[in-house]
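Every number in this text was worked out from the coordinates using simple rules, so none of it is lab data. Note that the coordinates shown come from a computational prediction; the quantities given were computed from them, not determined experimentally. Positions of Cβ are generated from backbone atoms using ideal geometry, with glycine treated the same way; all protein chains shown enter the neighbour counts.
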C-alpha cells in the first residue's frame with residue numbers, strides 16, 4: 001500500500017467538489033497553484049467554458065486527468081433513445097480530446113428520470129436490460145476511439161433515478177458479458193461512497209483485478225446523511241474505512257490516482273482555498 005502521508009502527487013480532484021466556487025478554468029488554475037496535478041472534469045463544467053478552452057486550460061497548467069464524468073444515462077423511451085446514444089458518443093469524443101484515461105459511466109435508472117420527457121415506467125428489469133444494450137453499442141464506438149469505459153455502480157438509494165446498477169458484482173457481470181476477453185476497454189470506477197456497505201466488496205475487488213479497476217474515488221459517509229445527493233463527507237468525517245478499501249484495490253495492482261469526489265452543499269459553501277487545503281490535508285491523513 002502506497003504511503004500518501006508525505007505528499008499529494010497521487011491526488012486527483014473531481015471538479016464537482018468545488019463546482020460552486022469557480023468555473024472549470026478557475027478550478028484548474030487553483031489546483032495548479034496548490035500542487036494538485038490531476039483533475040477529473042464533469043461534462044457540464046467543460047461545456048460551460050467550451051471544450052477547446054477546457055483542453056487549453058488543462059494543457060497550459062500541465063495537468064493530467066484521472067477520468068471524465070460522465071457518460072451513461074442509457075435508459076430512455078423510444079423517442080429519446082437516439083438522443084441518449086448520440087450524447088454518449090459525444091462524451092467519448094470529449095474524453096478523448098481532453099486526454100482522459102477513461103470515461104466514467106453512471107448508467108441511469110428509470111427512463112423518466114434518466115431522460116426527462118420519457119414515458120414513465122416502473123420496470124427496473126427493463127431498465128437494466130436497456131443499460132446493457134446501450135453499453136454494448138457504446139463499447140464498439142469506444143473501442144474505435146481507444147477510450148476505456150469505467151462503469152460506476154451507485155448506492156441502491158439511486159436505483160430509480162441515477163443508476164440501476166448498484167453493486168460491483170452486478171457491474172462486473174456486465175463487464176464479463178460484454179468484454180469477456182478483459183481487453184482493458186471496460187472496467188469499473190470504484191467509489192467508496194457507493195460500495196463501502198456491500199458485504200461482497202472485498203471479494204468483488206479481487207474479482208475485478210488490476211485490468212478492471214480503472215478508477216478509485218473517495219469521500220466519506222456522514223451519519224446522519226441529511227441529503228441523498230448533496231451531503232457527502234470529507235474524508236475522515238464519516239464512517240467509511242477508506243484506507244481499508246484503498247489497500248484492497250492496491251493489492252490487486254491499482255496504482256492510479258485517488259480521486260476525491262465530494263458532492264456537498266456544505267463544502268460548496270466554503271471558500272475554494274479552504275476546500276482544496278482541507279482536501280490535501282485529509283488525503284494525507286484519512287485516505
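Taking label points 7 Å from Cα along the Cα-to-Cβ direction, residue 223 and residue 169 give a separation of 2.4 nm. The candidate values are (1) 59, 20, 15; (2) 27, 22, 19; (3) 34, 23, 18; the one derived from this structure for semi-axes √(5λ) of the Cα gyration tensor in Å carries the label (2). Seen against the Cα atoms of the chain and their longest principal axis, helix 24-34 is set at about 40 degrees. Could you tell me what % of all Cα pairs in the range 207-287 have separations over 21 Å? Roughly 33 percent, rounded to a whole number.
Calculated [222 nm] ellipticity per residue, helices only, for the chain: -14000 deg cm²/dmol; basis is -39500 (n - 2.57) per DSSP H run with n ≥ 4, divided by all residues, nearest 500. Taking 0.36 nm per residue of separation and subtracting the current Cα-Cα distance, fully stretching the chain between residue 132 and residue 51 would add 26.3 nm. The convex hull drawn around the Cα atoms of the range 103-185, when projected onto a plane and averaged over every direction, covers 5.3 nm². In whole Å, what is the distance between the alpha-carbon centres of the range 71-115 and the range 44-69? The range 71-115 and the range 44-69 have Cα centres separated by 19 Å. Estimated from the Cβ-Cβ distance and a Förster radius of 35 angstrom, the FRET efficiency linking residue 82 and residue 241 is about 0.20. Restricting the calculation to alpha carbons of the range 194-236 gives Rg and Dmax of 12.8, 36 angstrom. Which angle from 0 to 90°, rounded to the nearest 10, does the C-alpha axis of helix 272-286 make with the longest principal axis of the chain? Between the helix axis and the principal axis of the chain, the angle is about 90 degrees. Helix 242-251 versus the longest principal axis of the chain: what is the Cα-based angle in degrees, 0 to 90, to the nearest 10? Compared with the principal axis, the helix lies near 70 degrees.
Considering only 114, 265, 66, the Gaussian network model of the chain with Cα springs below 10 Å gives its largest mean-square fluctuation to 265. Ranked by the mean number of other Cβ atoms within 10 Å of their residues, highest first, the peptides 19-29, 37-47 come out as 37-47, 19-29.
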